[in-house]
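No value in this document is a laboratory result; all are computed from the given coordinates. Not measured: the values here are computed from a predicted model. Every residue, glycine as well, gets a Cβ built from its backbone with ideal geometry; the counts of neighbours run over all protein chains shown.
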Amino acid sequence: MTDAVTAMVPVPERGRLYTASRKVRLGDTTANGRLRLDALSRYLQDVANDDAMDAGLEAALAWVVRRVVVELADAPKLGDVVELVTFCGGIGGRWAERRTRVSVGGEIAAEAQALWVHLDPATGRPAPLGDDFMAIYGEAAGGRTVRPKLIHQQPPDDADRRPWPQRAVDVDVLGHVNNAVALEAVEQVLGGRSPAAAEVEYRDPIEPGDQVELVTCGDALWLTVGANVRVSARLRPR
């Protein structure tokens with residue numbers, strides 16, 4: 001992973017912060033009690049949407065995630081109450097970065113950054129951020145600009161491939177496979193290990209009925225449909 005992608009901006013002293021908490025439940029953990037990355041991803045999705053709704057932002061659901069980076073200091077465990085503090089870490093023309101700090105008992109457990117692209121609800125195409133967004137989140141961003149560039153390479157020809165069957169529960173109300181499902185594939189590759197970091201890029205949605213393959217090579221993985229990469233991930237082991 002490159003420093004340019006994983007650099008985490010600090011919690012700002014000025015601007016909007018939104019705080020929520022979650023208790024790590026049985027269905028959120030691995031067999032050894034660690035909070036799974038797909039469960040953490042759902043926490044991040046929830047707090048992002050809750051923040052936008054609380055701020056009165058119109059079309060709060062009209063965003064798609066492009067990239068997520070999670071760095072784990074000491075992953076939360078079963079029974080922990082986690083505090084999530086989220087804020088805008090940077091802004092582009094049609095996208096913005098959301099930063100979230102995850103703490104347990106006042107100690108940082110994880111840091112996350114997600115690059116979200118703003119969509120026009122009517123057309124589904126990227127749309128400029130409005131004045132209402134800037135009024136709410138601009139101060140916290142502090143003038144920092146971000147870009148939606150993706151950097152992961154294609155899988156090598158000798159990578160391992162296996163079917164990744166879809167389930168009915170993978171598809172969300174937006175009609176495609178939920179972003180958190182990609183982190184289930186990451187957990188499958190980890191096999192119970194706890195990584196130092198995970199970086200996921202979303203190129204195109206996985207649609208209901210797609211014949212998906214899980215492609216792996218070392219600490220990298222891809223979810224592909226035919227020759228097309230839909231999601232990719234890189235892991236940094238401890």
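Shape class of the stretch 3-141 from the Cα gyration tensor (axes a ≥ b ≥ c, square roots of the eigenvalues): prolate, since a/c reaches 1.5 or more and a/b is larger than b/c. Extending 7 Å from Cα along the Cβ direction at residue 150 and again at residue 8 yields two label points whose distance is 2.5 nm. In percent, rounded to a whole number, the relative contact order of the chain is 21, using alpha-carbon pairs under 8 Å and six or more apart. The value of relative contact order for the stretch 160-236, using C-alpha pairs under 8 Å at least six residues apart, is 36 percent.
Using only the alpha carbons of the chain, what is the convex hull's orientation-averaged projected area in square nanometres?
Numbers: hull surface 51.1 nm².
Approximately 12.8 nm², given one-decimal rounding.
Residue 212's amide H: which non-local residues (gap 5+, or another chain) put their own amide H closer than 5 Å, with H modeled 1.01 Å from N in plane and none for Pro or chain starts? Amide H neighbours of residue 212: 164, 166.
The peptide list 102-109, 133-140, put in order of mean Cβ contacts within 10 Å with the highest first, becomes 133-140, 102-109.
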